[in-house]
1. Pick out, from 30, 114, 47, the residue whose Cα sits farthest towards the positive end of the charge dipole of the chain, with +1 on the Cβ of Lys and Arg and -1 on the Cβ of Asp and Glu.
2. Using packing as a proxy for protection, rank 17-24, 93-100 so that the peptide with the highest average count of other Cβ atoms within 10 Å comes first.
3. When only the heavy atoms of the protein chains count and the probe is 1.4 Å, how do 87, 116 rank by accessible area, highest first?
4. Send over the Kirkwood Rh of segment 74-116, from the inverse of the averaged 1/r over different Cα pairs, rounded to one decimal Å.
5. When only alpha-carbon atoms count, how far does segment 18-126 stretch along each of its three principal axes, as whole angstroms with the largest first?
6. Per residue, how much accessible surface does the chain expose to a 1.4 Å probe? Answer in Å², no decimals.
7. Hey, what's the Cα Rg ratio for segment 27-81 versus the globular rule of thumb, 2.2 N^0.38 Å?
8. Could you give the angle, 0 to 90 degrees to the nearest 10, between helix 103-119's Cα long axis and the longest principal axis of the Cα atoms of the chain?
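The values are calculated or read from the model by the stated rules, or taken from the named source; none is laboratory data. Predicted, not measured: the structure shown is a model, and the values here were computed from it. Cβ atoms come from the backbone with ideal geometry, glycine included; neighbour counts cover every protein chain shown. In case anyone asks, the SASA skips ligands and DNA or RNA and just uses the protein heavy atoms, side chains included. Shrake-Rupley method; radii C 1.70, N 1.55, O 1.52, S 1.80 Å.
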Amino acid sequence: MMMFATRGSTRADQHSAQLGELARLLRERGVPHLVSTRIRLKIHNAAHGPRSSLSYGSPELDVWSTDGTPITTITVDDSQKEAAYSMHPPGDAPQRLCPIATPAEGADIIAALVRMGSTGNAETAG
């Protein structure tokens, strides 16, 4: 069985590294999170025998409050002139978090959201 990775894996690797930097900063701030990547394996039956291929989705960074409540999912948006982290809180539309070049800014914002989510009181996050 022959396997190969699609060109999307290079982009997924780059996004994974960018999210990894944000994840490192979140870990330093004690923020519960997990980076995950969806990998698809397609198996094709060809005249020569079975063939397979891998494709990689863009990685995502999920963030929870300390009580386990989902806070947001963060992805990398490189569709604009300046690549940025994009966050998608449950039930809300995705929104720009901060540029990729300033992950500490994003980590501070996410840490504040986690504090708000953990206490249920927006006044304690400032």
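1. Value: 47.
2. Values: 17-24: 17.9, 93-100: 15.0.
Ranking the peptides 17-24, 93-100 by packing returns 17-24, 93-100.
3. On the way: 87 20, 116 65 Å².
Result of the area sort, largest leading: 116, 87.
4. On the way: mean 1/r = 0.0934 Å⁻¹.
Evaluated on segment 74-116, it is 10.7 Å.
5. The Cα atoms of segment 18-126 stretch 65, 34, 27 Å along the principal axes, largest first.
6. On the way: 7800 Å² over 126 residues.
With the other protein chains kept in place, the chain gives 62 Å² per residue.
7. Numbers: Rg = 17.7 Å, N = 55, 2.2 N^0.38 = 10.1 Å.
Compared with the compact-globule rule of thumb, segment 27-81 sits at 1.75.
8. The helix 103-119 is inclined about 60 degrees to the chain.
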